[in-house]
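Data block below; observations after.
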Amino acid sequence: MLKSKENNKIDGYLFTNYSKKKLRCLSQTYEELAQMYRDIPQEDNGSDSRKDRLYRKQLNDTKLTFANHLDEISDAFADVADTVMHVSVPVEHKRRALIQYLKKRGIVVRELMFLEGGSVAGIGDSVQNRISIEARLSGKYAMSVMELSGLLSEFFGRRLIPSLDGAKQLTRCYDTFLFEDEPRFVIISAISRAVKENEKISGDNFSVEEYNPNQVIMMVADGMGSGEQANKDSQSVIEFMEKFLEAGFQKEKAFSMVNGAIASQSQCCNLTTLDLCAMNLLTGDAEFIKAGAAASYLKRGGKVEEIVSDTLPLGSIEELCPMTQTIKLADSDMLVMLSDGVSDAFENISSKRLAEVIAAYHTVNPKELSDYLLQYAISCQGGHIVDDMTILVCSVFKNL
């Protein structure tokens with residue numbers, strides 16, 4: 001760990017040398033396992049039948065896919081091991097002022113640090129900036145971490161909220177509390193769905209997950225076909241993406257691993273489209289990844305921007321490179337994500353009809369818009385539901 005002369009900043013790894021060594025060892029182990037799978041020789045017997053050769057090729061493709069997955073896991077461990085955390089101590093007069101400020105309010109401070117580093121799940125270029133404070137109460141009364149965040153917000157002149165990683169309650173014993181900047185934006189989401197006629201279950205699935213106070217990831221998956229099998233396929237995609245993202249994988253790596261897992265299966269019915277939007281509520285960036293998914297839409301007042309990507313569904317090919325597109329969000333923006341059943345219904349009228357309807361409908365209520373679009377889509381098909389329909393709408397507001 002190196003200490004900079006400027007601003008008392010200390011640059012170092014997030015983990016101790018021992019922990020870093022263990023993580024690098026795990027990374028190397030997975031890398032060696034991947035190479036072992038690649039080095040397994042492929043038998044080639046010229047007298048084999050065409051069926052045997054195709055079966056052997058499928059086994060070899062599956063082996064390579066598994067090796068690629070092991071490489072992804074290896075890279076993930078290496079990324080975590082190399083995570084750098086910048087630690088700085090406030091200048092002395094500022095530190096003393098805060099100690100006195102909190103002491104008057106019955107809080108004894110032992111340590112105060114500023115932390116910068118550690119990538120936000122799913123968005124590799126984003127970092128978390130946090131304040132770490134080790135403190136206890138001097139009296140017998142209790143104080144919640146929310147009360148402490150209010151005091152710190154007032155002192156620093158910035159809106160701070162408690163981090164999920166820190167302690168929750170101040171007591172007479174020292175504990176470590178973590179605080180981060182309150183998101184600049186908040187969102188409200190809504191979903192409207194319809195199941196294909198003569199089916200009991202939708203082949204679409206969706207997810208809206210908050211991975212930390214500053215990031216939300218929304219997904220819509222559409223299983224090919226309809227009914228129970230399509231539902232199972234799309235649900236598996238959503239669940240695996242959620243697990244990989246929760247474990248700390250970047251969304252592009254999670255995307256590649258899920259695609260490889262689907263591609264390694266021979267049944268074509270496992271093909272699934274995926275529409276993913278990762279929103280950074282601090283910066284206002286929204287990043288889209290699509291795999292064969294219908295267009296998404298950004299509604300800003302009476303104007304609508306179409307977000308498209310000419311890609312194949314998950315499982316179409318073993319190496320499906322994710323294409324990303326980033327947009328900048330503003331107050332009162334609305335994002336619309338939907339499955340193919342909705343876009344196909346509107347295209348019965350016109351290829352531009354969906355964008356026109358979104359632009360013409362005046363609301364910032366996501367449920368009103370999603371319900372309206374669903375009913376409009378059904379009416380475009382004469383009141384029939386010829387495919388599963390899912391509409392996910394998200395309204396974005398500046399945090400006041």
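Taking a spot 7 Å from the Cα of residue 242 along the direction of its beta carbon, which residues of the range 175-210 have an amide N less than 18 Å from it? Hits in the range 175-210 for residue 242 at 18 Å: 189-193, 202-210.
Placing a label point 7 Å from the Cα of residue 332 along the Cα-to-Cβ direction, the residues of the range 349-370 with a backbone N closer than 20 Å are 356-370. Between residue 379 and residue 138, the contour length at 0.36 nm per residue exceeds the Cα-Cα span by 80.1 nm. Both the radius of gyration and Dmax for the range 274-341 are 12.8, 41 Å, in that order, over alpha-carbon atoms. Taken one residue at a time, the phi angles of the range 199-210 give Karplus couplings (6.51, -1.76, 1.60, θ = phi - 60°) of 10, 9, 9, 7, x, 9, 9, 9, 7, 9, 10, 9 Hz. Gly and Pro are set to x.
Would you mind classifying the range 179-236 by shape? Square roots of the alpha carbon gyration tensor eigenvalues, ordered a ≥ b ≥ c; an a/c under 1.5 is rounded, otherwise it is prolate if a/b is larger than b/c and oblate if not. Here the range 179-236 falls in the prolate category. In this simple spin-label model, placing a label point 7 Å from the Cα along the Cα-to-Cβ direction at both residue 312 and residue 368 gives a separation of 4.4 nm. Rg and Dmax, both from the Cα atoms of the range 254-400 and both in Å, are 16.2, 52.
At 7 Å along the Cα-to-beta-carbon direction for both residue 99 and residue 352, put a label point, then send me their distance in nm to one decimal. Going by the 7 Å Cα→Cβ label model, 6.8 nm. Near the amide H of residue 107, within less than 5 Å, lie the amide hydrogens of 138, all on another chain or at least 5 residues away, with H placed in the peptide plane.
Across the range 225-232, rounded Karplus estimates of 3J(HN,Hα) from the backbone phi angles (6.51 cos²θ - 1.76 cosθ + 1.60, θ = phi - 60°) give x, 8, x, 5, 5, 4, 4, 4 Hz, Gly and Pro being marked x. Sequence-distant contacts, meaning Cα pairs under 8 Å at least 6 residues apart, place the relative contact order of the range 287-333 at 46 percent. To put it simply, the accessible area of the range 203-294 at a 1.4 Å probe is 50 percent carbon and sulfur.
The values are calculated or read from the model by the stated rules, or taken from the named source; none is laboratory data. The model shown is predicted, which means the values in this text are computed figures rather than measured ones. Cβ atoms come from the backbone with ideal geometry, glycine included; neighbour counts cover every protein chain shown. Each accessible area value is taken on the protein alone, full model and side chains, heavy atoms only, with ligands, DNA and RNA left out. Shrake-Rupley method; radii C 1.70, N 1.55, O 1.52, S 1.80 Å.
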